[in-house]
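Here is the structure we will look at.
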Amino acid sequence: MCSKLPKDFLWGGAIAAHQAEGAWNVAGRGMSIADVMTAGGNGIPREITKGIKEGFYYPNHEAIDFYHRYKEDIQLFKELGLKCLRTSISWSRIFPTGEEDEPNEAGLRYYDDLFDELLKNGIEPVITLSHFEIPYAIYETYGGFANKAVIPLFVKFAKCVFERYKDKVTYWMTFNEINNQADGQEPLHVWTNSAMIIEEENKEELVFQAGVNELIASAAAVIEGKKINPDFQIGCMMAYVPIYPYSCAPEDLMASVKANERRYFYSDIHVRGKIPTYAQTYWQKKGIKIQISEEEKALLKAGTVDYIGFSYYMSGTITTLETVEGQPTDDIPHAKIVRNPYITATDWGWPIDPVGLRYVLNTIYQRYDLPLFIVENGFGAYDQLTAENTIHDPYRIAYLRQHIEQMEKAIIEDGVPVLGYTPWGIIDIVSFGSGEMEKRYGMIYVDKDNAGNGSLQRLKKDSFAWYQRVIATNGEEL
């Protein structure tokens, strides 16, 4: 049995265009759905405004100005030793409203220059097509992805960038964390996944319809991408939050099975190319009517993915025991989401569960038998800048070390094929969930606060040197 990681293992880092680039109205870029999300805070939700409103702060408008500073940032990534950088292409930078017949050449040139700079420095781009950056005009015109008219708009965008960057990008993913909207209860997730604000009573039906439409669009994009370059590796991107049974009561185990199905639904279709029977049964029971043609079903079957990219931050726990307090679930009778007493949590209340990563790697590989790619994993924390302009972040090092240890066990001891590991927010960026800058994930500090003040100076944290050594030794020194 091999006792080391593969020599071509892709150590990297991850960001997203809307959380890093800024330049929201530069060089012909259209407004995206991320541009109308205000700053929130720890426990304070972001607001989604109808258009840009005076008196609101929109942190994504400037973000960390990666658009203008990518060359200096890439030099830091090179020094860090990154083998790859996961980022996204801002859809509205290419098609400002999504409906143009011809793409915005200035936007295409920007990504040409970005990818060239990465490749020149030995860093492979790993690209997400839709990372919460749908053109805002698609919401205004079509009401989001529940409308089937949006499917060809996405496929047009995908074909355009596949063709443009066919010799620069090998690894692609279609929709970021498509299963975030799984329960349909979080307005921000439905907005960022599908460009929808839902006020109707048939909310669950609309979320399922949007998800099915996105899965059809993804499959069609995979098919077109393979025509353009058969060597493309095109994956999906899931948010995996495994739900454990709280106790060994059989009812708790079944509750966990049903809770996990909500997220598996999306990857089941991405990988298997058909709608699972548990979903069809659920829709029938709930009176949910999903529009899907025989032609679209054939697309799902023909456009399955090559690998599964996923984020892993935390696990959850569910119980049916009346003696335990928790948050009731809508569709699993007598079940509640409860705190796991065996693990701790971050300052934002996210459970810290490194073993859960090994569990996910094993479970997902056993379910799908496809290569896996950990494209997000990280620790959001308040970092303190010292008088000497240093940042000591042993808590981040400890978190990442523990998760990498579990990843290595999955690869070396369990035989799970993992393509790479790109921790989230390799450089501090705007937090998706809260819009904060002070919820920091990076190994590179960016001087900017939650109100948008700061010089944007980049500084290396202690975790920078630590991760540099991890990469240099291919994970042998943690």
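Details
- Strands (runs of 3 or more DSSP E) lying entirely in the stretch 279-382 (those with 3 or more residues that are under 30 Å from residue 155 (Cα atoms)): 308-311, 372-376
- The test for being among the hydrophobic types (A, V, I, L, M, F, W, C) and under 25 Å from residue 194 (Cα atoms) does not hold for residue 119.
- Residue list for the stretch 383-419, filter: in a helix (DSSP H, G or I) and among the polar types (S, T, N, Q): 402, 406
- Test: residue in the stretch 289-305 that is closer than 27 Å to residue 41 by Cα and in contact (Cβ under 8 Å) with a residue 40 or more places away in the chain: no
- For the condition hydrophobic (A, V, I, L, M, F, W, C), at pLDDT 95 or above and more than 24 Å from residue 189 (Cα to Cα), residue 36 does not qualify.
- Among the residues making up the stretch 396-420, those that are out of contact with any helix residue (DSSP H, G or I) (no Cβ under 6 Å at 6 or more places or on another chain) and either over 22 Å from residue 82 (Cβ atoms) or touching a residue at least 60 places away in the same chain (Cβ under 8 Å) (or both) are 400, 401, 404, 405, 408, 411, 412, 413, 415, 419, 420.
- Members of the stretch 83-104 found to be in a loop (DSSP other than H, G, I, E, B) and either polar (S, T, N, Q) or within 26 Å of residue 151 (Cβ to Cβ) (or both), listed by number: 89, 90, 95, 96, 97, 98, 99, 100, 101, 102, 103, 104
- Qualifying residue in the stretch 67-75 (condition: within 29 Å of residue 155 (Cβ to Cβ) and among the basic types (Lys, Arg)): no
To keep it simple, each residue is scored yes or no on (1) assigned to a helix (DSSP H, G or I); (2) open to solvent by less than 30 Å² (accessible area, probe 1.4 Å); (3) closer than 23 Å to residue 127 by Cα.
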{"residue": "148", "(1), (2), (3)": "no, no, no"}
{"residue": "162", "(1), (2), (3)": "yes, yes, yes"}
{"residue": "166", "(1), (2), (3)": "no, no, yes"}
{"residue": "189", "(1), (2), (3)": "yes, no, yes"}
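Conditions tested, residue by residue: (1) small (Gly, Ala, Ser); (2) more than 23 Å from the chain's Cα centre (by Cα); (3) closer than 20 Å to residue 353 by Cα.
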| residue | (1), (2), (3) |
| --- | --- |
| 221 | yes, no, no |
| 232 | no, no, no |
| 236 | no, no, no |
| 240 | no, no, yes |
| 245 | no, yes, yes |
| 253 | no, yes, yes |
| 262 | no, no, no |
| 271 | no, no, no |
| 281 | no, yes, no |
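- In the stretch 339-352, residue least open to solvent (accessible area, probe 1.4 Å) [restricted to those that are of a type outside the set (Val, Ile, Thr) and touching a Pro at 6+ places or on another chain (Cβ under 7 Å)]: 340
- Residues (in contact with a helix residue (DSSP H, G or I) (Cβ under 6 Å, 6 or more places away or on another chain), assigned to a loop (DSSP other than H, G, I, E, B) and either open to solvent by 10 Å² or more (accessible area, probe 1.4 Å) or small (Gly, Ala, Ser) (or both)) located in the stretch 105-134: 121
- Count of residues meeting criterion [of a type outside the set (D, E, K, R), over 26 Å from residue 321 (Cα atoms) and assigned to a loop (DSSP other than H, G, I, E, B)] in the stretch 248-278: 3
- Boolean, residue 285 is free of Cβ contacts under 8 Å to residues at least 40 places away in the same chain and not β-branched (Val, Ile, Thr): yes
- Scoring residue 57 on the criteria (1) in contact (Cβ under 8 Å) with a residue 12 or more places away in the chain; (2) in a helix (DSSP H, G or I); (3) open to solvent by 40 Å² or more (accessible area, probe 1.4 Å) leaves a single failure, condition (2).
- Conditions (1) within 26 Å of residue 45 (Cα to Cα); (2) within 22 Å of the chain's Cα centre (by Cα); (3) open to solvent by 40 Å² or more (accessible area, probe 1.4 Å): number failed by residue 401: (1)
- Among the residues of the stretch 328-338, the one identified as surrounded by 15 or more Cβ atoms within 10 Å (Cβ to Cβ) and out of contact with any strand residue (DSSP E or B) (no Cβ under 7 Å at 6 or more places or on another chain) is 332.
The values are calculated or read from the model by the stated rules, or taken from the named source; none is laboratory data. Since this is a predicted model, take the numbers as computed values, not measurements. For neighbour counting, all protein chains shown are included, and Cβ atoms are generated from backbone atoms with ideal geometry for every residue, glycine included. Calculation scope for accessible area: heavy atoms of the full protein, side chains included, ligands and nucleic acids excluded. Shrake-Rupley method; radii C 1.70, N 1.55, O 1.52, S 1.80 Å.
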